[in-house]
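Please read the structure below before turning to the comments.
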Amino acid sequence: MTEDATIYELYAIRYAGNPRRHRGHNYIMADDPERLEPMDYFSWVAVGPSGAIVIDTGLRREKALQRGYDYVRPPHAILPSLGVDPAAVKTVILTHMHYDHIGNLDAFPHARFHLQSAEMAYAVSPLMAKPWFRLAYEVDEIQRCVAYLHEGRLDLHAPEAEIAPGMTVHLVGGHCAGQEVVRVRTRRGWVVLASDALHYYEELDKSIPFAVAHSIADMMLAHDRIMQLATSPDHIVPSHDPQLMSRYPAPRPGLEGLVVRLDVPPIPS
Ligand SMILES: [Zn+2]
């Protein structure tokens with residue numbers, strides 16, 4: 001196998017859930033706004049020949065509890081059950097800077113972090129003076145990223161970048177100005193972790209935008225880009241959909257409801 005054929009095992013870690021969320025929170029002009037539509041919270045890890053790459057670091061426990069989420073445990077506490085030592089992780093990709101994606105950075109003391117340059121610019125832009133745009137940002141998490149930048153531990157990359165062989169990131173914007181998706185080569189082809197460019201499968205299925213947006217137009221165009229990047233629609237992974245836990249298998253007994261494996265095909269429905 002050549003280096004260019006690097007493939008990864010890929011896992012989604014469910015670290016929290018919010019069963020009390022409604023469709024009115026999720027969709028602009030939702031058809032049934034009072035109906036419950038639970039949201040799950042995930043971190044992802046790709047395990048390859050050169051070690052593990054973590055994609056988003058979840059939300060700190062105290063912040064999850066403040067927001068009324070059902071917290072399972074921090075994603076880095078689940079990594080050892082997949083054979084991954086957080087202290088040995090060298091590469092962490094941050095798909096954007098919303099609070100539920102960049103918590104717990106200090107759990108990876110030897111990692112370099114990777115983020116879209118456009119997202120850092122957005123998080124400290126004049127738009128943050130408006131409550132709508134800063135809704136899902138936490139100042140202390142942004143400050144930590146700024147500190148890592150000045151310490152030489154944060155790489156701010158261009159719109160398209162190869163983070164490692166078989167692992168590329170692509171700016172799509174929409175949900176926030178620097179939202180990116182991550183394309184991971186697996187034994188079943190290119191899987192796209194859409195992150196918050198897709199919260200639920202329904203957004204892509206019905207071609208509708210999520211309610212939290214920097215640019216509705218870019219959010220809708222991101223659907224097309226995700227389709228281009230993935231080997232098939234079955235290779236697209238939304239970021240907050242509880243269906244993930246039933247669409248994919250647990251990697252082994254004992255991890256049901258906690259971790260699913262994304263480098264294998266979805267379970268036939
Ligand atoms: Zn999110």
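Details
- Restricting the first member to segment 27-46 and to residues that are closer than 16 Å to Asp100 by Cβ and in a loop (DSSP other than H, G, I, E, B), and the second to residues that are open to solvent by less than 10 Å² (accessible area, probe 1.4 Å) and modelled with pLDDT of 95 or more, the beta-carbon pairs closer than 8 Å and six or more apart or on different chains are Pro38/Gly17.
- Members of segment 206-223 found to be part of a helix (DSSP H, G or I) and in contact (Cβ under 8 Å) with a residue 60 or more places away in the chain, listed by number: Ile216
- Selection over segment 224-269 of residues that are aliphatic (A, V, I, L, M) and in a loop (DSSP other than H, G, I, E, B) gives a count of 7.
- Test: Leu156 is farther than 30 Å from Val264 by Cα, open to solvent by 50 Å² or more (accessible area, probe 1.4 Å) and outside any helix (DSSP H, G or I): yes
- Taken together, the residues in segment 96-114 that are more than 15 Å from the ligand (Cβ to nearest atom) and of a type in the set (A, V, I, L, M) amount to 3.
- Residues considered: Asp218, Asp263. Of these, the only one that is among the charged types (D, E, K, R) and more than 18 Å from Ser43 (Cβ to Cβ) is Asp218.
- When the criteria are applied in full, Leu255 meets the requirement of being over 18 Å from Met39 (Cβ atoms) and either open to solvent by 70 Å² or more (accessible area, probe 1.4 Å) or modelled with pLDDT of 95 or more (or both).
Per-residue answers, yes or no, for (1) within 17 Å of the chain's Cα centre (by Cα); (2) within 15 Å of the ligand (Cβ to nearest atom); (3) under 23 Å from Ser50 (Cα atoms); (4) not aromatic (Phe, Trp, Tyr):
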{"site": "Val191", "(1), (2), (3), (4)": "yes, no, yes, yes"}
{"site": "Asp205", "(1), (2), (3), (4)": "no, no, no, yes"}
{"site": "Ala222", "(1), (2), (3), (4)": "yes, yes, no, yes"}
{"site": "Ile226", "(1), (2), (3), (4)": "yes, no, no, yes"}
{"site": "Pro233", "(1), (2), (3), (4)": "no, no, no, yes"}
{"site": "Pro249", "(1), (2), (3), (4)": "no, no, no, yes"}
{"site": "Gly257", "(1), (2), (3), (4)": "no, no, no, yes"}
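- Of all residues making up segment 68-125, the number that are touching a residue at least 12 places away in the same chain (Cβ under 8 Å) and part of a loop (DSSP other than H, G, I, E, B): 26
- Selection from segment 120-142 of residues that are of a type in the set (D, E, K, R) and more than 28 Å from Asp85 (Cβ to Cβ): Lys130, Arg134
- Residues that are open to solvent by 10 Å² or more (accessible area, probe 1.4 Å) and part of a loop (DSSP other than H, G, I, E, B) within segment 176-199 comprise Ala177, Arg187, Arg188, listed in sequence order.
- Among the candidates Pro242, Pro265, residue that is open to solvent by 80 Å² or more (accessible area, probe 1.4 Å) and not polar (S, T, N, Q): Pro265
- Filtered residues of segment 140-152 (kept if open to solvent by 50 Å² or more (accessible area, probe 1.4 Å) and part of a loop (DSSP other than H, G, I, E, B)): Glu151
- Ile93, sole failed condition from (1) more than 16 Å from the ligand (Cβ to nearest atom); (2) in contact with a His (Cβ under 7 Å, 6 or more places away or on another chain); (3) open to solvent by less than 70 Å² (accessible area, probe 1.4 Å): (1)
- Residue within segment 67-76 that is open to solvent by 10 Å² or more (accessible area, probe 1.4 Å), in contact with a Phe, Trp or Tyr (Cβ under 8 Å, 6 or more places away or on another chain), hydrophobic (A, V, I, L, M, F, W, C) and closer than 28 Å to His22 by Cβ present: yes
The values are calculated or read from the model by the stated rules, or taken from the named source; none is laboratory data. Model, not experiment: these values are computed from the prediction. Glycine gets a Cβ as well: all are built from the backbone with ideal geometry, and neighbour counts include every protein chain shown. Heavy atoms of the whole protein, side chains included, go into the accessibility calculation; ligands, DNA and RNA do not. Shrake-Rupley method; radii C 1.70, N 1.55, O 1.52, S 1.80 Å.
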